[in-house]
Amino acid sequence: MDSLGQFEQIVLTAILALDANAYGVTIHAKVEDLSRPKKATRGAVYATLDRMEDKGLISSWLSEPTKERGGRSRRHYRIEKSGEKALRESARTAQRLVETIAQNLGGLAWKPR
Amino acid sequence: MEAALSEPPDWLERIVLLAIPPAAREAVAGDLWETYQNPQQYIVEAFRTVPLVIASQMRRNLNLPALMLQSALIFICLGGPATLLLLPALLLRDAYQPVARPCPRRAIREAILLSSGAMVLLLLIMSIHSPFPIRTGVDPFTWLSLFLAALFLSPFLCLFRAGLIMQADRCKPLAANDVSKDALAGAYENFLRGAFCRNMLEGVALVFAAAVGFFFTWNFLLVGLFALAAIYLLLDSLPRPSSVCDFGSLRAQYQRELARQGQLRRFLRWLWFAPVLVALHARLTEVPAGAEAVTALLNCVAVAILCFLVAALNREHGGRVQEQIGFLDRMRETVTPASLPSPSSASR
């Protein structure tokens with residue numbers, strides 16, 4: 001299994017957090033929130049979503065068209081089993097990093113839920 | 001999300017819609033509309049979004065074997081500079097792949113346009129290089145054949161295009177909009193079985209063609225390509241273990257397999273056509289002195305017609321694949337009594 005890049009981890013986490021409401025606009029907003037203070041363009045989010053869908057980490061489908069979108073559908077996303085596995089693996093790596101940094105620099109008290 | 005306070009100007013939206021590749025148009029244009037504040041914000045957001053969407057669609061639709069084969073054919077026929085010029089155009093064309101079959105009127109119009117162009121070119125050559133007296137190395141019988149071919153080209157191409165449209169119309173669409181997981185799994189199994197059978201048959205045909213090519217000393221690169229494609233197809237026909245998954249995952253798996261088989265077919269159609277093009281090019285290099293210009297033009301016409309036939313097949317089939325993928329995108333799962341959780345498992 002390929003390891004996830006940092007931006008992929010952020011986008012996957014955003015989809016996980018948004019659950020049933022994960023589509024372009026909300027994912028982009030959540031990604032901006034998660035990657036503060038860095039900015040993320042919506043185009044980068046779309047490109048990452050496409051790439052992860054091709055890898056089978058996420059899947060997508062179209063909703064019914066809505067009026068507030070000019071009669072267009074939303075493309076909803078959800079995490080697949082392989083995506084969950086990859087995200088857990090990334091979280092474990094991040095946890096090890098945080099622990100190592102905390103041991104050497106101190107002041108980083110992070111406990112995963 | 002809050003409803004948009006206002007909507008983008010019609011003309012501006014049309015421009016942005018044209019720039020967004022068709023496969024991403026619905027979702028991206030909808031997202032841009034939803035976050036619309038004013039024309040400036042809309043333009044800036046479109047500029048920051050659309051180029052990356054185009055690049056992503058280029059990557060997604062990239063059919064590397066087909067692109068390499070097309071580039072090699074262009075290189076053989078037209079040379080290096082033309083290949084460098086046409087390569088980005090081919091990549092862009094992939095990104096803007098339509099999500100549906102072309103409408104019949106447009107398809108027939110293209111056939112008429114091509115045949116009319118070919119006919120005008122042939123008549124022009126005949127008027128410049130008159131068959132009497134014979135100066136160009138082409139005998140009057142050939143001229144007569146060309147004249148008749150030019151006359152019947154238009155009805156032939158129109159009939160071919162109409163046949164493709166009718167054949168695609170006859171193909172059964174995927175079931176209803178709402179289906180159960182079992183029905184979707186059944187449709188997917190049927191599709192896989194059909195694809196594997198087709199791959200097996202085409203693999204055997206490619207082995208035969210490679211053997212014939214080797215025997216008749218074709219271009220060795222082509223023989224190698226045929227053999228490699230045959231090995232890939234025969235390996236691809238081997239049964240694979242199916243994984244148990246839910247409706248959404250099954251749908252995604254079905255869509256990916258549809259796209260993969262579509263890409264494979266696109267490459268194979270170009271591969272079958274490649275020996276004809278290489279043979280035409282070889283013929284061009286062996287013409288008698290004085291007939292180069294005429295033969296070159298005739299070859300160009302023949303290549304254009306052959307390319308039209310392959311492109312028409314690809315567009316019709318590719319459009320049908322995209323329609324099926326789009327149909328799956330909008331498919332909803334119907335909950336059957338058997339798939340409902342039992343009260344005991346629900347309370348756990």
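I'd like the orientation of helix A:81-105 relative to chain A: the angle between its Cα long axis and the longest Cα principal axis, in ° from 0 to 90, rounded to 10.
For A:81-105 against chain A, the angle is about 30 degrees.
So if we plug the beta-carbon distance of B:C307 and A:K81 into 1/(1 + (r/R0)^6) with R0 = 51 Å, what FRET efficiency do we get, rounded to 0.05?
Efficiency at R0 = 51 Å is approximately 0.70.
Work out how much length B:D178 to B:L85 would gain on full extension: take 0.36 nm times their residue separation and subtract the Cα-Cα distance, in nm to one decimal.
Fully extending the segment from B:D178 to B:L85 adds 28.8 nm.
Working from Cα positions, state the angle (0 to 90°, nearest 10) between the long axis of helix A:24-34 and the longest principal axis of chain A.
Taking Cα atoms only, the helix is inclined about 20 degrees.
Starting at the first residue of region B:314-328, write each ³J(HN,Hα) from the Karplus equation 6.51 cos²θ - 1.76 cosθ + 1.60 with θ = phi - 60°, in whole Hz, x for Gly and Pro.
5, 5, 5, 5, x, x, 5, 4, 5, 4, 5, 5, x, 5, 5
Rg/Rh for region B:10-58 to two decimals, with Rh computed the Kirkwood way over all alpha-carbon pairs.
Details: Rg = 9.9 Å, Rh = 10.7 Å.
So for region B:10-58, dividing Rg by the Kirkwood Rh gives 0.93.
What is the magnitude of the charge dipole of region B:10-58 about its Cα centre, with +1 placed on the Cβ of each Lys and Arg, -1 on the Cβ of each Asp and Glu, and no other charges, expressed in debye to the nearest 20?
Here region B:10-58 has a charge dipole of around 180 debye.
Please give the FRET efficiency for B:I112 paired with B:Q37, using the beta carbon to beta carbon distance and R0 = 56 Å, rounded to the nearest 0.05.
0.75
May I ask you to evaluate 6.51 cos²θ - 1.76 cosθ + 1.60, the Karplus curve with θ = phi - 60°, for each residue of region B:163-171 and list the ³J(HN,Hα) values in order in whole Hz, giving x for glycine and proline?
Computed from phi, the couplings for region B:163-171 are x, 5, 5, 5, 5, 5, 5, 6, 5 Hz.
Can you give the mean number of other chain Cβ atoms that lie within 10 Å of the Cβ atoms in peptide B:27-39?
Taking the mean over all residues of the peptide, I get 6.
Could you give the size of the charge dipole of region A:6-105 about its Cα centre, using +1 on the Cβ of each K and R and -1 on the Cβ of each D and E, expressed in debye and rounded to the nearest 20?
180
If you bin the C-alpha pair distances of region A:1-100 every 5 Å from 0, what whole percents do you get?
Percent of Cα pairs in each bin: 2, 13, 24, 23, 19, 11, 5, 2, 1, 0, 0.
Between their Cα atoms, which of A:K38/A:K67; A:K30/A:K81; A:K85/B:K181 are more than 29 Å away from each other? Kindly include the intermediate steps, with their values, before the conclusion.
Working: A:K38/A:K67 32 Å; A:K30/A:K81 21 Å; A:K85/B:K181 24 Å.
Violating the 29 Å Cα-Cα cut-off are A:K38/A:K67.
Using a simple spin-label model with points 7 Å from Cα along the Cα→Cβ vector, what separation in nm is obtained for B:W11 and B:I231?
For B:W11 paired with B:I231, the spin-label model returns 5.9 nm.
Please compute the volume of the convex hull spanned by the alpha-carbon atoms of region A:24-67 and report it per residue in Å³.
On the way: hull volume 3.9 nm³, N = 44.
Measuring per residue, one finds 89 Å³ for the Cα hull of region A:24-67.
For A:A22, enumerate residues with amide H under 5 Å from its amide H, sequence gap 5+ or separate chain, H modeled in the peptide plane.
Placed amide hydrogens put A:Y77 under 5 Å from A:A22.
Relative to the present Cα-Cα distance, how much length would full extension add between B:C245 and B:D169 at 0.36 nm per residue of separation?
Here the segment from B:C245 to B:D169 would lengthen by 24.2 nm.
Treat each spin label as a single point 7 Å out from the Cα along the C-beta direction, and report the A:T100 to B:R260 distance in nm.
3.5
What residues have an amide H closer than 5 Å to that of A:I58, excluding those fewer than 5 places away on the same chain, when H is modeled at 1.01 Å from N in the peptide plane?
A:E53, A:E80
If you take each beta carbon of peptide A:41-53 and count the beta carbons of other chains within 10 angstrom, what is the mean?
6
No lab work stands behind these numbers, since they all come straight from the coordinates. Every value quoted in this text rests on a predicted model; they were computed, and no experiment measured them. We place every Cβ from the backbone using ideal geometry, glycine too, and count neighbours over all the protein chains shown.
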